[in-house]
Amino acid sequence: MSTSPDPRTTTASGADVRVRFCPSPTGLPHVGMVRTALYNWAYARHTGGKLVFRIEDTDAARDSEESYRQLVDALTWLKIDWDEGVEVGGPHAPYRQSERKPIYAEVLQKLIDAGVVYESYSNAEEIDARNEAAGRAKQLGYDNYDRDLTDEQKAAFRAEGREPAYRLRVPDGDFTYVDLIRGEVTFPAGSFPDFVIVRAGGHALYTFTNPVDDALMGITHVIRGEDLMPSTARQLALYGALIDAGVTDFVPRFGHMPLVLGETGNKKLSKRDPQADLFLQRDKGFIHEGLLNYLALLGWSIGPDRDIFSLEEFTAAFDIADVNPNPARFDQKKAESINGDHIRRIDVADFTERSVAYMTAAGVWSEPTPEQLALFAKATPLVHERVQLLGEVPGMLSFLFTDAVTYEADAMKGLPADAPMVLTACVGALEVVAEADFDAAHIQDALAAALVDELGLKPRVAYGPPRVAITGRRVSPPLFESMELLGKAETLRRLDALANELTQTV
Ligand code: GLU
């Protein structure tokens, strides 16, 4: 006999899609979790369905309010919006499992009344001892001993002061379902014994609360990581019981997304891996469009030879059936390059606005003054096309907001021996440019005439010393524009300052 879901009870096609994102609030938000949220969100948006955001905080020892707040922050920053759930409410509130205990008690009672769940008093030592006496391997675990306890036996246990756990009566037979991503999956009969859904003392376990909430919230598609696939067998068993008890009348469809591997080897990207840390990636300067585009590619593709797409294009094209079951590898370089493409796609005013916080975080200013913001807005067009991460902006533009340029070591090492002479020539050439004409074009003409035409230097050699004088760096925004932004007096002062510094150290 097969206890695979009766087709009668599976989600009717065409029914409104209801998906959910239901993390446990432990630790920092990580990129694997975001991909789960993203695929669920995209599927809801693609189908015109609903995304439910539920918090699975039944483990008081590991869950934290801080982690909950970070999850909400993460989705908010990513602009992954949800239709029902924490913060926004909805018809199935509350959406935090820690607030749903009375609901679990009620469902448990229905399952007991339907005879599909029973009281179990066996403790671990007793189970081990019985297995040993019966010559049964210890790993097989529980032996379904309490299935048919009489009322007298139960009363006797209670009289000893024992409290029951509650176990699901698992039907015999294989459990088969059709995974949305992997096709037909069968868990053979006898893969697991009657399992505990509510511990002695009343603590409801994940294997219970997760499907119960999915059932009560009308979830039609469970889209989650491959690591959760083994728990699907027990959940199918529980669904059978929930249907028998009249709690629900259908089994959702399940789809298990591919693992995300770390950059090297065949190990899963670990939560502790810095690349997995969502906020660290944000701090580096990912914009949400870029990061989501990259994460979308971890198991899905919009078409051959195409990596860059907008979120609208993504939700329009995304179907869970197209997700590739094979593991995907996290590639930081590729993620950053895709982010760079998305940075170039936003307009420069938006780029400027988003970059301000990175300047602040880098300590360029504590609170920018209106003058600083005005100068910053003039400077950002110079680097908009040149960065992959917003976190690169301070390094490129902080020279505009300081009196004391820090010369980077590699920039100093790269200077030619005649750098002081080149700098002096720059000063000579620029001194005669009128204040009112001090713009990139005039600066370029003056420097080219002095350095390239008169001194016969190659541009690559000629512009190295002034670049270091102005920005402190070997690589910088365009030099003439940078000088224009600094103004004539400051430009001359910096050229002199490096010339002096070099002659003093020689
Ligand atoms: N709370 C579970 C987790 O964070 C969710 C499992 C599921 O999506 O069914 O792993």
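The values are calculated or read from the model by the stated rules, or taken from the named source; none is laboratory data. If you're wondering where the values come from, they're calculated on a predicted model, not measured in any experiment. Reconstructed Cβ throughout: ideal geometry from the backbone, glycine too, with neighbour counts over all protein chains shown. SASA here: full protein model, heavy atoms, side chains in, ligands and nucleic acids out. Shrake-Rupley method; radii C 1.70, N 1.55, O 1.52, S 1.80 Å.
What do you reckon, is R182 closer than 25 Å to L236 by Cβ, open to solvent by 40 Å² or more (accessible area, probe 1.4 Å) and in contact (Cβ under 8 Å) with a residue 40 or more places away in the chain?
Judged against the criteria, R182 is a match.
Are any residues in segment 27-60 over 14 Å from the mean Cα position of the chain (by Cα) and either within 11 Å of the ligand (Cβ to nearest atom) or of a type in the set (S, T, Y) (or both), and if so, which ones?
Y43, T47, R54, I55, E56, D57, T58, D59
Among residues belonging to segment 226-239 that are out of contact with any helix residue (DSSP H, G or I) (no Cβ under 6 Å at 6 or more places or on another chain) and within 11 Å of the ligand (Cβ to nearest atom), point out the one that is least open to solvent (accessible area, probe 1.4 Å).
Across segment 226-239, the extreme among qualifying residues is T232.
Which one of V198, V185, V222 is touching a helix residue (DSSP H, G or I) at 6+ places or on another chain (Cβ under 7 Å), of a type in the set (A, V, I, L, M) and more than 15 Å from the ligand (Cβ to nearest atom)?
V198
Do we have any residue at all in segment 461-469 that's surrounded by fewer than 13 Cβ atoms within 10 Å (Cβ to Cβ) and either more than 18 Å from Y407 (Cα to Cα) or without any contact (Cβ under 8 Å) to a residue 24 or more places away in the chain (or both)?
So far as segment 461-469 goes, no, none of its residues is surrounded by fewer than 13 Cβ atoms within 10 Å (Cβ to Cβ) and either more than 18 Å from Y407 (Cα to Cα) or without any contact (Cβ under 8 Å) to a residue 24 or more places away in the chain (or both).
Could you check how many residues of segment 115-124 are surrounded by fewer than 16 Cβ atoms within 10 Å (Cβ to Cβ) and not in a helix (DSSP H, G or I)?
2
For segment 245-268, indicate whether the set of residues that are open to solvent by less than 10 Å² (accessible area, probe 1.4 Å), assigned to a helix (DSSP H, G or I) and within 15 Å of the ligand (Cβ to nearest atom) is non-empty.
no
When you check L447 against the structure, is it open to solvent by 50 Å² or more (accessible area, probe 1.4 Å) and under 21 Å from A417 (Cβ atoms), yes or no?
no
Please pick out the residue among A419, A404 that is out of contact with any Lys or Arg (no Cβ under 6 Å at 6 or more places or on another chain), within 30 Å of G363 (Cβ to Cβ), at pLDDT below 95 and of a type outside the set (D, E, K, R).
Exactly one residue qualifies, and that residue is A404.
Here are some residues: Q70, Q97, Q109. Which one is of a type outside the set (F, W, Y) and surrounded by 22 or more Cβ atoms within 10 Å (Cβ to Cβ)?
Matching residue, one of Q70, Q97, Q109: Q97.
Which residues, counting only those in segment 298-332, are touching an Asp or Glu at 6+ places or on another chain (Cβ under 8 Å) and crowded, with 19+ Cβ neighbours inside 10 Å?
W300, L311, F330 - these are the residues of segment 298-332 that are touching an Asp or Glu at 6+ places or on another chain (Cβ under 8 Å) and crowded, with 19+ Cβ neighbours inside 10 Å.
Is it the case that some residue within segment 142-163 is more than 16 Å from the ligand (Cβ to nearest atom), buried (at least 17 other Cβ atoms within 10 Å of the Cβ), aliphatic (A, V, I, L, M) and not in a strand (DSSP E or B)?
Yes, the conditions are met somewhere in segment 142-163.
Inspect segment 330-351 for any residue being out of contact with any Cys (no Cβ under 9 Å at 6 or more places or on another chain), over 29 Å from A44 (Cβ atoms) and of a type in the set (A, V, I, L, M) and give the result as yes or no.
Taking every residue of segment 330-351 in turn, at least one turns out to be out of contact with any Cys (no Cβ under 9 Å at 6 or more places or on another chain), over 29 Å from A44 (Cβ atoms) and of a type in the set (A, V, I, L, M).
Considering each of D172, D81 in turn, give the residue that is under 30 Å from V17 (Cβ atoms), charged (D, E, K, R), open to solvent by 40 Å² or more (accessible area, probe 1.4 Å) and in a loop (DSSP other than H, G, I, E, B).
D81
Could you run through segment 398-415 and say how many residues are in a helix (DSSP H, G or I) and of a type outside the set (S, T, N, Q)?
Within segment 398-415, residues that are in a helix (DSSP H, G or I) and of a type outside the set (S, T, N, Q) number 8.
Of all residues in segment 203-217 being open to solvent by 20 Å² or more (accessible area, probe 1.4 Å) and either touching a Phe, Trp or Tyr at 6+ places or on another chain (Cβ under 9 Å) or of a type in the set (K, R) (or both), which is farthest from the ligand (Cβ to nearest atom)?
Residue satisfying both the conditions and the ranking: L205.
Considering only helices (runs of 4 or more DSSP H) fully contained in segment 309-388, which possess at least 2 residues that are touching a Ser or Thr at 6+ places or on another chain (Cβ under 8 Å) and among the polar types (S, T, N, Q)?
348-361
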